[in-house]
Structures are given as C-alpha cells and as structure tokens.
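*Asks:* First, the structure itself, so that you have it in front of you.
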Amino acid sequence: MNVRQVALWTSIAGVFLWSWVAPGQQPRRIDDAALRNAGKTGEEWLSYGLTPGETRYSPLKQIDASNVSRLGLEWSYEVGRGGGNQEATPLMSNGTLYNITNWSITYAVDARTGKEKWRWDPEVNRGTVQPKICCGVVNRGLAIYEGNIIVPVIDGRLVALNAETGKPVWESRVAYPQNNYTITMAPRIAKGKVIIGVAGGEFPTRGFFEAHDAKTGQFVWRFYTVPGDPSKPFENEDMRRAAATWDPEGLKMGGGGSVWDAMSYDPDADLFYVGTGNAGPWAADARKQGKDKDNLYAASIVAVRPDTGKLVWYFQMVPGDEWDYDSVQHLMLADVTIKGQQRKVIMQANKDGFYYVVDRVTGKFISGQPFARVTWAKGLNEETGRPIINPESYYHEQPVPIAPSNGGAHNWAPMSFNPALGLVYVPATISGTRAFSFNSNFTYNENQMNTGQAGGRGAGANVAPAKPLPPLPPPPGIGPLAPEGAAPGALLAWDIVNQKERWRAPAGGGSGGGTVSTGGNLVFQVVPDGRLIAYTADKGERVLEIQTGLRGGMGPPITYMLGGKQYIALAGGQGGRGAAVVPNREAAPGTTVPATTAPAAGGRGGGAQVAPKLLVFALDGNARLPE
Ligand code: CA
C-alpha cells in the first residue's frame, strides 16, 4: 500500500471504529474550536502549551496549598529506554494520555490507570540519524487534531496516527537528516494546519518552518528564516530584504536560524508566532562579516499568517549574534494592563538573559529587563528594544568570557503564567558564563557542526584550533547574580508589568523539567535532579517536594481532571545512551553543565542508568516511587 492507500484504508477503518466505540461514549472531537478553548476548564491537556497562547495555566484547584502535601504517586508507566532524556509534554484527551519518547516512539495509556492502549515505533534508522543530532535524542511533544495524534519524527517525518488505535493515517516528509536537519519540537495546530520547524542550527542548515494540512498531511507553505544561497533567486521580498543584512560569504554556510522549540498562536489577531535560532556558524569572523550585519531573521520572533506563511512582522532580539543566543524559548501570550493601557503581548525569557514584552499585534517593543546576569549587552534601547551591545563582547582569537553562556539564561524548560497575579514562572540559569573565541584555522565542513570556536564540540573539529590564548577580562555586567556559593539555577516569579523579580526559589535551571501553574495558587516545578516541587504561586513558599527517583532527563509537568480527580503527570529518566547525562540543551559544545543539571552525587543517576518512566500523581496516591 502507498501512503494514500494507507490514508484511505485508515479513514474507512476510523469511521467503523468510531461508530463501534461510540454508543454513549463518542470521543470528543478535537477541532479548531476545541483547541481555541483548550485550558478553559483544565480538564484536558490538548496542546503543547495547554492554550494557543501557551500559558500553561490550568484553572484546576482540587489540589491546593492546603492539601498538596498529600500528593502521592498513583501509577507509573515505563516508557522504554534508548537515546536521551525525556523532554516531552504529554497530552491528555478523552481519558487517554499520549506522549513521545526517545527515537520518537509514541505511546498512549489510560490516563486513570496507566494501562497501555498502544505504542508506535517509527523505526528511525538510528545509526544514520544519530550523528546529525546536536543535543540528545529527544522529542518535546505531540499535537492532536480531529481524531489523530500528530507525531514529529526526529528523522524529519511528520506522521498522523489514529488516536484510538495508534495506526498511521498519513505520513509527510519535512526534511532529511542527510541535509543535517532533525525535528525535536512539538508540532502546533492553527486553522486546520499543523506547523512544524526543523532543528540543526549548528550544522550547515537553512532554518525553516512549514505548514501541512492537519487532516491529510499535504504540504501547504514553508517560511525560511534566513535567505539561503545568494547565487540562487530569492523566494520572496522578505528574503531579499533579509539578504541585505548578511555577508554573502556567510550565507553559503547555511545561515542557521533553526526552529526547534517555541511557537504560539493568536486566533483573534490571525497571527502565528515562531522563535528562530542563532545564525551559524556562531563566530561572526567565521561568517566573514563585520559587526554591522544583523542577520535577519535569525535570533528573532517572526509573526506570520497561518493561512499563507506570509511575514507580518518580526522582532530581532540579537542582531548579528555570535553567542549562540537562539531566540526559540517559550513564546507566551497574555492580555495585560501596562501604564493604564490594555495590551496584547507576546513574551519571551530569552537565552540572552532579557525578559521581553512585545506588542503581539504590531511587533512593537514594550519593555525588556535582565532576569539573569548579562555582560554581552549594557541594556536595551527603550524605544526599539535593540540591544546596546558591549563592544568588548565581540570576540576574535582571544577568548572573552560572556554571560549568559551559550546554554542560555533560559532554554527549553517551559514557563507558566498566573493571570491573576501577573506572574510568569521562569526556570532560569542566573549566572552562566562561557569563554567565546574564534578559531582562525576554522574551515567550513558541510557535513558537520560548525561553530567557529577554538574549543568544544563542532569547533574546529576538522582543523586543529589555534594555540590557546589567555582570556580577556569579562565585560561589565548587569542583572542579578546567583547568591555567593549558590547553584546557578533557580525558579523566578517574574512580574511582567513591572519587569522585576517577585520571588525566587533555588532549584532547577533553564534546561530540564519545567513548570505548570494552577488555580490552586500553586506552581509545580520539575527540576533536573528528579524532584517534583510545588510552591505557592503568590509567595513562593515551598509546600511540596518529592524526589521521584528518576534523577535526570526530566520533562515538564502537566495537570488534568478525570473522574472527579485532579492529576499531575510528568515523564523523566535518561534514555540509556551510556551512563552520562546528556546535556539538555541545543548546541552546548564546550560548555560545563551547571551543577543543577547533573545527577546528585552518589544518587541513582550518578553513573547508573535510569529506566525512563511516565509518573502520575494525585491526592492520597500510594503507589511506590521508583527506587
Ligand atoms: Ca544554537
């Protein structure tokens, strides 16, 4: 059978199945209206960020500060070993939990009992794909639409599975690993389309995201984030405009601008938002450009029409970036009153250390302040939001220590919002530094990572780096520091109107785990050492701490309600590619992993392999945690 026959057969089978499952219990149809209203009751978790604006705020309040100490494990499900950490956010719909694990293996279990309903393995050619993966064999999530689960396969495919049976309905090709592309992010749905981006920014790639018809898989449009080979014609005027912000020599190396995490959607504004990765190779010297080139649309938010993929506005956080400041972190939408005015905003706690608030209809900058130590910039222009870059932070052969590090002040760990308090909970790495330096012996290699650095993975791997030189002094810093002797990771409660920290809790970091916020005045945080922690949302008082026993490779928590009971679910555990913890971040070559992302010394993760699990908690749950 070809793909079309499979699709036809499955849709016929689907009709029978639905009518067969049906009497009295027709599964709820997840269409555009259901997704638009997702999160209003909190009963189900239908998309990666819960709501189209990706707030990860659930109004559920059965579990609250007064009873959360009774939280216990209800059941666990072993997700299977193989490749890396658990980074995925599960979905819950019609009483079933869906999730994705290493090598894009997707599973469905009864959300009340953990009994497996189905399991699907895309049979990725692991040997071929592994060398093209920069940062661990991970996938961050799924989408659900009209009876299908839409699966991003790390080898560049997009596959729809029947939600009831786990059988393939359609399959589409987004990109090929032979061209250095992989897919790690969760697909999103807007106006009947599934939208997905490609990872691989440190490889010689040209970043893009594209839309497929969510019912058939058929390709609809593609948006390139960078202009591409200058010897070829531009696809559109936006690419021509972008090309003027590059040196043509640099563009021959792909350009980067990969799309590997954040998207959000405002159905009223008819705008779909995407965060884009850093320009590649990192060093501006490797791109053979001066400091006057902005490199559009890398390190930016772009807003496009979901029907056409046409650019409406862009906002670039890091013009001419050379510090690996991908701007792909969580894009969250909120409606807030700022200086007496009701504003529709899009927000990002960027890798670069600034918390940005931007008008999501016009793309106009509203405000930005450092939430972590920042030395690469002195601040942001108050009108435009353009960074005032410290001249000392541009580097050549002599290393320059820069904060944040390339791991970022905030990476992929999801934030969450409390609309009543106006607080966003940011898993952050407060003080991180990396010494950047250009390898003057660098030569571009079209089959591997190219950072142009004098040290670390992907750095001069093809050519011996120049002799190490003593580092220059660090540029002056702004923004908070971690307290003396404290780990660099923390959870910040960030006041989005006043742009300041309201409270801080000393655990976690910008990668690993993540948060969910609830109507029970709680924030749940999963931290990379395996703990599930709850704080009061307003004051940051720690009201729960459970060591899950997984000790590493932790994914974000979700919450849902079923049969009158509120649950908290999360996946965690390393996939077993050797004993070492795989650093949980895009392109971490040469960086020291913060202490908070390493397993506790002497703990189970400290050398031993951990069987990854999906853990589900509820009040008075009394199942045994993994040992
Ligand atoms: Ca990167």
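*Asks:* Taking K and R as +1 and D and E as -1, what net charge do the other residues with C-beta under 15 Å from the C-beta of GLY228 add up to?
*Replies:* Local net charge: -1.
*Asks:* Hey, got the dipole for the stretch 154-223? About the Cα centre, +1 on K and R Cβ, -1 on D and E Cβ, debye to the nearest 20?
*Replies:* So the magnitude is around 220 debye.
*Asks:* Please go through the stretch 35-138 and write out the trypsin sites (Lys or Arg not before Pro) that DSSP classes as loop and that have at most 12 other C-beta atoms within 10 Å.
*Replies:* Counting only loop positions with at most 12 other Cβ atoms within 10 Å, the trypsin sites (Lys or Arg not before Pro) in the stretch 35-138 are LYS40, LYS115.
*Asks:* Moving on. Grab the DSSP H runs of the chain that are 4 residues or longer, score each as -39,500 (n - 2.57), total them, divide by all residues and round the 222 nm result to the nearest 500 deg cm²/dmol.
*Replies:* -1500 deg cm²/dmol
*Asks:* Let me ask another. With point charges of +1 on the Cβ of Lys and Arg and -1 on the Cβ of Asp and Glu, referenced to the Cα centre of the stretch 198-321, which listed residue (SER300, PHE223, ALA242) lies farthest in the positive direction of the dipole?
*Replies:* ALA242
*Asks:* Divide, for the stretch 200-251, the radius of gyration over alpha carbons by 2.2 N^0.38 Å, where N is the residue count.
*Replies:* Dividing the Cα radius of gyration by 2.2 N^0.38 Å gives 1.33.
*Asks:* Something else: Could you point to the residue in ALA160, GLN566, ALA482 farthest towards the positive end of the chain's charge dipole, with +1 and -1 charges on the Cβ of Lys/Arg and Asp/Glu respectively?
*Replies:* My answer, from the dipole projection, is GLN566.
*Asks:* At a 1.4 Å probe radius, carbon and sulfur cover how many percent of the accessible area of the chain?
*Replies:* Roughly 52 percent of what the probe reaches on the chain is carbon or sulfur.
*Asks:* Follow-up question, since we're still on this one. Please report, in debye to the nearest 20, how large the charge dipole of the chain is about its Cα centre when each Lys and Arg carries +1 at its beta carbon and each Asp and Glu carries -1 there.
*Replies:* Result for the chain is approximately 560 debye, rounded to the nearest 20.
*Asks:* With charges only on Cβ, +1 for K and R and -1 for D and E, what is the dipole size of the stretch 429-526 about its Cα centre, in debye, rounded to 20?
*Replies:* 80 debye
*Asks:* So what does GLU164 come to for accessible area, using a 1.4 Å probe and Å² rounded to 10?
*Replies:* Ignoring ligands and nucleic acids, GLU164 comes out at about 50 Å².
*Asks:* Right, here's the next one. So how much accessible area does ILE366 have, in Å² to the nearest 10, using a 1.4 Å probe?
*Replies:* Result for ILE366: roughly 30 Å² accessible.
*Asks:* How much solvent-accessible surface does GLU78 expose, in Å² to the nearest 10, with a 1.4 Å probe and all protein chains in place?
*Replies:* Counting only protein heavy atoms, the figure is 110 Å².
*Asks:* If you project the alpha carbons of the stretch 110-205 onto their three principal axes, what span does each projection cover, largest first, in Å?
*Replies:* Answer, in whole Å and largest first: 43, 31, 21 Å.
*Asks:* A follow-up question, please. For the stretch 268-402, what is the Kirkwood hydrodynamic radius in Å, using each pair of distinct C-alpha atoms?
*Replies:* Its Kirkwood hydrodynamic radius stands at 15.5 Å.
*Asks:* Can you give me the pair-distance distribution of the stretch 272-343, C-alpha pairs, 5 Å bins, whole percents?
*Replies:* Computed distribution, short to long bins: 3, 16, 20, 18, 16, 13, 8, 4, 2, 0.
*Asks:* Taking a spot 7 Å from the Cα of ASN179 along the direction of its beta carbon, which residues of the stretch 205-223 have an amide N less than 17 Å from it?
*Replies:* 205-212, 218-223, by backbone N distance to the label point.
*Asks:* How many nm separate the modelled label positions at GLU116 and ASN498, each set 7 Å beyond the Cα in the direction of the Cβ?
*Replies:* 5.2 nm
*Asks:* Here is a follow-up. Which net charge results for the neighbourhood of SER104, defined as the other residues with beta-carbon distances under 10 angstrom from its beta-carbon, given Lys and Arg at +1 and Asp and Glu at -1?
*Replies:* -2
*Asks:* Could I get the Rg over Rh figure for the chain? Both from C-alpha atoms, Rh via Kirkwood, rounded to two places.
*Replies:* Across the chain, the Cα-based Rg/Rh ratio is 0.94.
*Asks:* Continuing with the same structure: How much area per residue is accessible in the stretch 214-292 when the probe is 1.4 Å and only protein heavy atoms are counted (Å²)?
*Replies:* Accessible area per residue: 37 Å².
*Asks:* Right, here's the next one. Would you list GLU116, GLU446, GLU210 from the most to the least accessible area, probe 1.4 Å?
*Replies:* Ranked list, largest accessible area first: GLU446, GLU116, GLU210.
*Asks:* Can you put TYR394, TYR356, TYR265 in order of accessible area, largest first, using a 1.4 Å probe?
*Replies:* TYR394, TYR265, TYR356
*Asks:* Given the C-alpha atoms of the stretch 357-494, compute the convex hull and give its volume per residue in Å³.
*Replies:* That works out to 158 Å³ per residue.
*Asks:* Follow-up. What net charge is computed for the residues neighbouring TYR145, neighbours being all others with C-beta under 15 Å from the C-beta of TYR145, Lys and Arg scored +1, Asp and Glu -1?
*Replies:* It works out to a net charge of +1.
The values are calculated or read from the model by the stated rules, or taken from the named source; none is laboratory data. The structure presented is a predicted model; accordingly, all values stated were derived computationally and were not measured. Here Cβ is always computed from backbone atoms with ideal geometry, including for glycine, and neighbour counts include all displayed protein chains. Heads up: the accessible areas ignore ligands, DNA and RNA and are worked out on the full protein's heavy atoms, side chains in. Shrake-Rupley method; radii C 1.70, N 1.55, O 1.52, S 1.80 Å.
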